[in-house]
Amino acid sequence: MSGNTFGTLFRITTWGESHGTALGVTIDGCPAGLLLSEPDIQKELDRRRPGQSDVTTPRKEEDRAELLSGVFSGKTTGAPISIIVKNKDADSSKYEELRNTPRPGHADFTYEQKYGIRDYRGGGRSSARETIGRVAGGAVAKKILAQHGIEILCHVTEIGGIRAKQVSIPQIRENTEKNPVRCADPDAAVEMTAMIHAAISEKDSVGGIVEVIALGVPAGIGEPVFDKLDAELAGALMSIGAVKGVEIGLGFKCANMKGSQFNDPLSIRDGKITALSNNAGGILGGISNGEPIVCRIAVKPTPSISKEQHTVDIKEMKNTTINIKGRHDPSIPPRIVPVAEAMMALVLVDQMMRGGQINPILGYGRRAIPQRALQRRNSGGEK
Ligand SMILES: Cc1cc2nc3c(=O)[nH]c(=O)nc-3n(C[C@H](O)[C@H](O)[C@H](O)COP(=O)(O)O)c2cc1C
């Protein structure tokens, strides 16, 4: 199975299964000298872990991160960073009936077709527990971005057709983590929570929309032509399980607009060139333009539902039905928030390294090249 590694210069490889011994990540290409400790990783994993509220899966996992390598005296050494999280609450008994009956909407059938062998306990590699490695890697990427004044925010804007009202950046910062659905509009959060409870009582699930924003990204980040920043972001976000659509800026709305409506006019303010609107979502020609980078993802309703569904018995080759047991998220958007942030962070760090805006070797140590000298060198000013 290939495809477990993401990134070019700042690379993560995630490994492990939902009901295996452990999961984790190896991060390759982290600059030396970055202050890093287990609590930095744990903070993000705590936001991802299951069992946080009655609108997420009841599986109880501490998801304790152990830093195995790449850090000495509290700082990264430039060597690969390995992080492991042990599975503690895997209950495989409820998955026995999935041995021969693929769950509609999940990856069971396609994994079976491709590999002929499948870890049916909790979805194995296709389980959302794989995202532990992404979030741990993203925690490191976020620390790097913070050194460059870049912040990533994410919030749920829609669940089961209930839409949040337009919110400001301070409202996203202030409100999102205060309710179990991670919605920055408190009134909509109450309705969304009720919607999820209604889906649970109907033995069903609901999807939604999540918005992820990068603030403080300077103009000039992104590697044309095939590796355009928007293309990499779309691929990264789409690689998260259950994501069926990605929009950048106004996204699909652009199809029904005129150029005069969609274009973001330019203007000089305080001696700086700025855009007067941000319909492009902060990216033009695959390169950041200095405005906030705004992406939205459409998240499908959780495939594992306890309502009866038609499926097949692949051993007996006959039609059958299934009522899925086990522990599942009734709605994925609230849980996807830290994962989407991680993917955005990973893309930005990798693209900034590739563009020379982050020095991949002498990052933050004593011998780090001062940022201004790096910029001079990158712009060809230093021969
Ligand atoms: C954070 C997160 C939590 C998820 N929770 C569940 C879950 O509890 N049950 C489930 O069946 N699928 C869950 N999924 C979705 C499946 O992982 C996903 O639908 C499956 O791997 C098939 O991939 P696809 O939907 O991208 O085609 C979750 C996904 C994410 C990202």
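Give me the net charge for the shell around Gly282: Cβ to Cβ below 10 angstrom, other residues only, Lys and Arg +1, Asp and Glu -1.
-3
Taking Cα pairs under 8 Å and at least six residues apart, what relative contact order does the chain come out at, in percent?
Relative contact order here is 22 percent.
Note down the magnitude of the dipole of the stretch 1-77 about its Cα centre, charges +1 on Lys and Arg C-beta and -1 on Asp and Glu C-beta and zero elsewhere, to the nearest 20 debye.
Dipole about the Cα centre, nearest 20: 120 debye.
What is the order of Phe6, Phe252, fewest Cβ neighbours within 10 Å to most?
Starting with the residue having the fewest Cβ neighbours, the order is Phe252, Phe6.
Counting Lys and Arg as +1 and Asp and Glu as -1, what is the net charge of the other residues whose Cβ lies under 12 Å from the Cβ of Ile144?
0
What ranking of Thr302, Thr320 emerges when the number of other C-beta atoms within 10 Å of each C-beta is taken as an exposure proxy, fewest first?
Least to most surrounded, the residues fall as Thr320, Thr302.
Straight-line reach from Lys318: which lysines have Cα under 18 Å away, leaving out those fewer than 8 places along the same chain?
Those lysines meeting the cut-off do not exist here.
Past the 24 Å Cα-Cα mark, which pairs from Lys86/Lys114; Lys253/Lys300; Lys60/Lys325; Lys60/Lys143?
Beyond 24 Å: Lys86/Lys114; Lys60/Lys143.
Kindly put Val210, Val85 in sequence by how many other C-beta atoms sit within 10 Å of each C-beta, fewest to most.
Val85, Val210
Read the figures in this text as sums done on the coordinates, not as results from a lab. A quick note: this is a predicted structure, and the numbers were derived from the prediction, not measured. When we count neighbours, we look across all protein chains shown, and the Cβ atoms used for this are built from the backbone with ideal geometry, even at glycine.
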